[in-house]
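S.K.: Here it is: the structure, laid out below.
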Amino acid sequence: MAIGQLDWRSQAVGSSDAVNNYVVQAALERQKFYEVRDSGVFGDMAVDKTDASGNGMFDANVDVSGTGAVWSASDANSDEHRFMLERIVGGSATYGDAPPAEGDYNAYLFQSVFQNEVDSPKLPIPGRMSQLRIKNMIPDTKEPARRASKAWQIEERDFDFHTALTMGESYGLLLDPATVPGALGKDLGPGVGTDAPCELLITATAGAQVTIPSQGPRSTQYRDAVITALAALSASGSKYMTRVSPQEMYYRADEAKIKKVRGADWDYEGIIDGSCLKDLLNSSSDLMKQFQTAQQGQGTANQRSLKNLGGIIVDGIRFIPSKTLEKFRPYGNGSSTGLNAGSPILRYGDGTRDRRNKRFTSSDYKIGLCFLLGEAALLELNNGSIADVEIETPDGKGWETFSWTMRGVRRGFWQRRDGEAMTATDGWLQQNVMEFAFNINSASALV
């Protein structure tokens, strides 16, 4: 029993209990938050950036092998958190008594991230008579519903992070509240006021990077350029991921000054569509053998590319296949509103918010994506807990349960110096994440 508690109740009930410190429920909610976080694709990438100064630039007592592709801050008392970034230092050394040269450095860039409540769907708990009938098989009828709700939260968190990578921020922040009640409709910066493609986007490693126009990365002109490049890739039928792709991706990230996470054996995280990874492995029998060995848990100490995480380390990149990213394949149909239509749009999957149980493997989905993540590629604000709520039905004969948390995720993108106003073309900076798109229109890729 915790100090200050008068009984074993797990949480305060009513105003008279508000002065008591009921810690049991809070500990369980915090534990569930970490269980959900660690079960997802990005679980081991998070670095806590919750500090007294309200920024993510300095860490005390945080010891990690790298600097973290996901910067995460927990705050249950605020809906906004400001992260700050130290830019990567560039420039040549000077020697002897010569004066130091001017370096390429620009500190105190920042990005604000918001959070919104995220509720799971309500799940029914059997009524009293139903519980009597099944109690010999299921003594606790509430626990299955809680487990189902937890599984939903794991999938939804991963979906939020993938949405932030592809569209700029998670749906709870991005969507228009007039269309989706409860959403915040937060602007990603001056521009078209909608989701934003990645600022560093390359179609196939040998292809050209989509150029940022003078109107800025949030402009209609940039969005149109991205659509044009993806449509050309979809129609090409030839630009697959190959054995040379990882090396070229690494070089591209280096040239763009993407800040390295410096993992144990890798510098960048690669969240990759499984079909792209399959094309990479099929292009090299040596890689395929190593990957298969890793899947069997038979890696040896001198095989540094083998990890039991379902991924593989190649040329300084830890590639992690993501089934969720496969649901973000751009829609390339030419007869409606796909990439190859007369009035093309950029739509991922079928464009719905809930596509966790859908597959996108037809000839309309010829493109697979890979995101190369450096330090602070994703910025997350959360409340640090996931709580279960039980609701009694109006007739008092049954119950429903759902879980809720607070979260918001944005793709790392640094546009403002502290105190400066934003304009569509002011000094934006992307040194955290690159997006690569490959053709996957092959029989082996679509199985």
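The values are calculated or read from the model by the stated rules, or taken from the named source; none is laboratory data. Treat the numbers as computed from the prediction; the structure is a model and nothing was measured. Every residue, glycine among them, receives a Cβ derived from its backbone with ideal geometry; neighbour counts consider all protein chains shown.
S.K.: Search region 234-246 for residues being farther than 17 Å from Ser285 by Cα and surrounded by fewer than 23 Cβ atoms within 10 Å (Cβ to Cβ), and hand back the single one that is nearest to the chain's Cα centre (by Cα). So that I can check it myself, show each step before the final result.
M.R.: Initial filter on region 234-246 (farther than 17 Å from Ser285 by Cα): 234-239.
Restricting the remaining residues to those that are surrounded by fewer than 23 Cβ atoms within 10 Å (Cβ to Cβ) gives 235-239.
Working: Ala235: 28, Ser236: 29, Gly237: 28, Ser238: 28, Lys239: 26 Å.
My answer is Lys239.
Residue-wise test of (1) at pLDDT 70 or above; (2) of a type in the set (Phe, Trp, Tyr); (3) assigned to a loop (DSSP other than H, G, I, E, B).
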site	(1), (2), (3)
Ile3	no, no, yes
Val19	no, no, yes
Gln25	yes, no, no
Asp38	yes, no, no
Asp63	no, no, yes
Gly66	no, no, yes
Pro99	yes, no, yes
Glu102	yes, no, yes
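S.K.: Yes or no: Gly263 modelled with pLDDT of 85 or more and either out of contact with any strand residue (DSSP E or B) (no Cβ under 7 Å at 6 or more places or on another chain) or buried (at least 16 other Cβ atoms within 10 Å of the Cβ) (or both)?
M.R.: Values: modelled with pLDDT of 85 or more: no; either out of contact with any strand residue (DSSP E or B) (no Cβ under 7 Å at 6 or more places or on another chain) or buried (at least 16 other Cβ atoms within 10 Å of the Cβ) (or both): yes.
No: the conditions fail for Gly263.
S.K.: Of everything in region 333-373 that's of a type in the set (A, V, I, L, M) and assigned to a strand (DSSP E or B), which residue is modelled with the lowest pLDDT? Spell out the reasoning first.
M.R.: Looking only at region 333-373, we keep the residues that are of a type in the set (A, V, I, L, M), and these are 339, 341, 345-346, 367, 369, 372-373.
When the remaining residues are screened for being assigned to a strand (DSSP E or B), the result is 367, 369, 372-373.
On the way: Ile367: 92, Leu369: 95, Leu372: 96, Leu373: 95.
Only one residue fits best here, namely Ile367.
S.K.: Can you tell me which residue is surrounded by the fewest Cβ atoms within 10 Å (Cβ to Cβ) among those in region 247-259 that are assigned to a helix (DSSP H, G or I) and in contact with a Gly (Cβ under 8 Å, 6 or more places away or on another chain)? Steps first, answer last, please.
M.R.: Of all residues in region 247-259, those assigned to a helix (DSSP H, G or I) come to 247-255.
This time we only want the ones that are in contact with a Gly (Cβ under 8 Å, 6 or more places away or on another chain), so: 249-250, 253.
Working: Met249: 24, Tyr250: 21, Ala253: 25.
Taking the candidates together, the pick is Tyr250.
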